[in-house]
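Colleague: Here it is: the structure, laid out below.
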Amino acid sequence: MILEVSALASFLRKEDIKIIEELSKYLQLFSDLSQSDVFIDCLLPGGEEAIVVAEAHPMTGKSLYREPVVGKIAYKENEPGVFFCFKTGRPVIGSRGVSQENVNMQQNVMPIVNEFGKIIGVLIMEQDITEKIQQEKNVELLMETTEQLSETLYHIAMSEVAIPDLMHEGLLLFDCDYQIMFANDRAKEMFEANGHLLVGKKVDSLPFGSMIKEGLNIQKGMFFHEFELGEHFLQLKAVSIQRNNRTVGGVLLLRDLSELKEKEKQLMIKSAVIREIHHRVKNNLQTIASLLRLQMRRIDSQEVEKVFREIINRITSISIIHEVLSLEGTDMIECKEVIELVSNAIISSMKQSEQKITIQVEGCSLYLPSQKASSLALVINELVQNAINHAFINLDEGVIRIELKKQNQIVSLAVTDDGVGVDVEKVQQKGRLGLQICQTLISEDLGGILEFENNHPGTKVTVTFPLPKEGLVT
């Protein structure tokens, strides 16, 4: 929107008006790119007031203005950056002012000049800083409150009130010369047991003292540090007390983190031990599987060999869980990865040499506690074995598709093959061991159900169970 030419002609030449009109064509683009309200102001005769001659507001963002302001007057006391730019011809960045609708805003101002180098107007970009000003006031109030609390604490300590001695933290107060004027009982316990006297000493004489003054200067009155003192691990918080922009003293708070650090250390040791146990269990299971394979090679009966192979695959599935636990160091297991590992291991073990059977694992990532993940791995083992044994008889190739889904805290695991298909009623009535294992694990451990259906071609088996409270889907 731009002021009418007839109005502009009262204080601008025709050539200058053309420059203003040409620039005004791009205001909307400038506004959308900068997400700012953009204006062109021209100085009125007398030089004490300016008039808004063109404006644009962001189409995809929030504007400062509810009403158009073209034709309205801008005053020096409200927009000092605008008049500074008119006077000096220099750009102004980040000048604060008040809009025509009394909103605090920040302005960037650029001069507009004609062919003679004369300033004929200014280009202004404005942004709302009401929230920023409120944050600055909150910070200022917080600093005042901190100073008052620090001084109150200082006076309490100096008057020998017993409150500081009830604190669990060590408390030291020092004066403007960094000389320690007070130490509560907890601080004395921490330092004097290690041969450091406190009251009357300089802060520099303490193990951490050399860095306090430097830290307070660099970090504007607040300093945090952790260090070891003898058998203790301490956390230091230092705050300087300011009066009239001058440091008159300071407060040191010391917290003993030794017990917490020792617990962290013990947890790390236990975690390492647990990972090592899982690693050894995995190795032992793989050894058992290897021994069974050796024994299987000596068997002439195909039926017995098939049983051996199924047992080996179950052991392998459990060993994969322990392998993941030994690497992750956490009780939560990403099941999609486990499903891929178990499925590929079974394919390698069971498919005929001339067959080409591929596994496709799709869907969301599912994190389960190790016990439930072990049950899910065994279920996958049985379902994939079942597909290989029955779906691809007399077929040279096939695909087994495994998909994980989650909806309303319910997890769905579907195993689909494109094989010859099965009679669902007969499969469920036969009562085979693999199916019994599946049904028991799904109902008792996962709290879910198992369903078979013909997929034409092939078979689809779906396992549905509620997501445990500690489970996670991404």
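We did not get these values from a lab; they are worked out from the coordinates using the rules stated. No experiment lies behind these values; they were computed from the predicted model shown. Virtual Cβ from ideal backbone geometry, glycine too; neighbours counted across all protein chains shown.
Colleague: Give me the net charge of residue 315's neighbourhood, meaning all other residues with Cβ under 12 Å from the Cβ of residue 315; Lys, Arg count +1, Asp, Glu -1.
Modeller: Overall, the nearby charge balance is +3.
Colleague: Could I ask something else about it? What ³J(HN,Hα) values, in whole Hz, does the Karplus curve 6.51 cos²θ - 1.76 cosθ + 1.60 give for the stretch 98-114 when θ = phi - 60°, with x put for Gly and Pro?
Modeller: 10, 6, 4, 10, 6, 10, 5, 8, 10, 10, 10, 10, 10, x, 10, 10, 8
Colleague: I'd like the orientation of helix 130-158 relative to the chain: the angle between its Cα long axis and the longest Cα principal axis, in ° from 0 to 90, rounded to 10.
Modeller: Result, in degrees: 90.
Colleague: Taking amide hydrogens as modeled 1.01 Å from N in the peptide plane, which residues meet the under 5 Å criterion relative to residue 198, leaving out close sequence neighbours?
Modeller: Long-range HN contacts for residue 198: none found.
Colleague: Here's another thing I want to ask about it. What are the residues whose amide H is under 5 Å from the amide H of residue 44, where those residues sit 5 or more places off or on another chain and H is modelled from the backbone?
Modeller: When sequence neighbours closer than 5 places are left aside, the close amide H contacts are 49, 50, 51.
Colleague: Would you work out which of 233, 386, 258 lies farthest towards the positive end of the dipole of the chain? Charges go on Cβ: Lys and Arg +1, Asp and Glu -1.
Modeller: Checking the options against the dipole of the chain, the answer is 386.
Colleague: Please turn the phi angles of the stretch 117-126 into ³J(HN,Hα) values with the Karplus equation 6.51 cos²θ - 1.76 cosθ + 1.60 (θ = phi - 60°), one per residue in order, whole Hz, x for glycine and proline.
Modeller: x, 7, 6, 10, x, 9, 9, 10, 10, 10
Colleague: Still on this structure, I have one more. Here are a few candidate values for Kirkwood radius over Cα pairs in Å: (i) 24.6; (ii) 31.0; (iii) 22.2. Which one was actually calculated from the structure I just gave you?
Modeller: Comparing each candidate, only (ii) matches the computed number.
Colleague: Which cross-chain or sequence-distant (5 or more) residues have an amide H under 5 Å from the amide H of residue 37, H modelled 1.01 Å from N in plane?
Modeller: 64, 126
Colleague: At a 10 angstrom cut-off on C-beta neighbours, averaged per residue, how do the peptides 378-391, 123-136 rank from highest to lowest?
Modeller: The most tightly packed comes first, giving 378-391, 123-136.
Colleague: Next question, about the same structure. Between helix 335-350 and the chain, what is the angle of the helix's C-alpha long axis to the longest principal axis, kept within 0 to 90° and rounded to the nearest 10?
Modeller: Roughly 30 degrees between the two axes.
Colleague: Give a residue-ordered list of calculated ³J(HN,Hα) values for the stretch 390-395 (Karplus: 6.51 cos²θ - 1.76 cosθ + 1.60, θ = phi - 60°; whole Hz; x for Gly, Pro).
Modeller: Computed from phi, the couplings for the stretch 390-395 are 10, 7, 10, 5, 6, 10 Hz.
Colleague: Summing -39500 (n - 2.57) over the DSSP H runs of n ≥ 4 in the chain and dividing by its residue number, what mean residue ellipticity at 222 nm do you reach, to the nearest 500 deg cm²/dmol?
Modeller: Calculated from helices alone, the mean residue ellipticity at 222 nm is -13500 deg cm²/dmol.
Colleague: Next question. Among 203-212, 49-58, how do they line up from the highest to the lowest mean number of other beta-carbon atoms within 10 Å?
Modeller: 49-58, 203-212
Colleague: Once the other residues with Cβ under 12 Å from the Cβ of residue 64 are scored (Lys, Arg +1; Asp, Glu -1), what is the net sum?
Modeller: That sum, taken over residues with Cβ under 12 Å, equals -4.
Colleague: To continue, here is another question. Relative to the longest principal Cα axis of the chain, at what angle does helix 302-328 sit, 0 to 90 degrees, rounded to 10?
Modeller: Roughly 20 degrees between the two axes.
Colleague: Moving on. Give the peptides 20-31, 287-298 in descending order of average Cβ contacts within 10 Å, highest first.
Modeller: Peptide ranking by packing, descending: 20-31, 287-298.
Colleague: Excluding residue 292 itself, calculate the net charge of residues whose Cβ lies under 14 Å from the Cβ of residue 292, where each Lys or Arg counts +1 and each Asp or Glu counts -1.
Modeller: +4
Colleague: Okay, moving on. How would 83, 116 line up from fewest to most surrounding beta-carbon atoms within 10 angstrom?
Modeller: Exposure proxy ranking, most exposed first: 116, 83.
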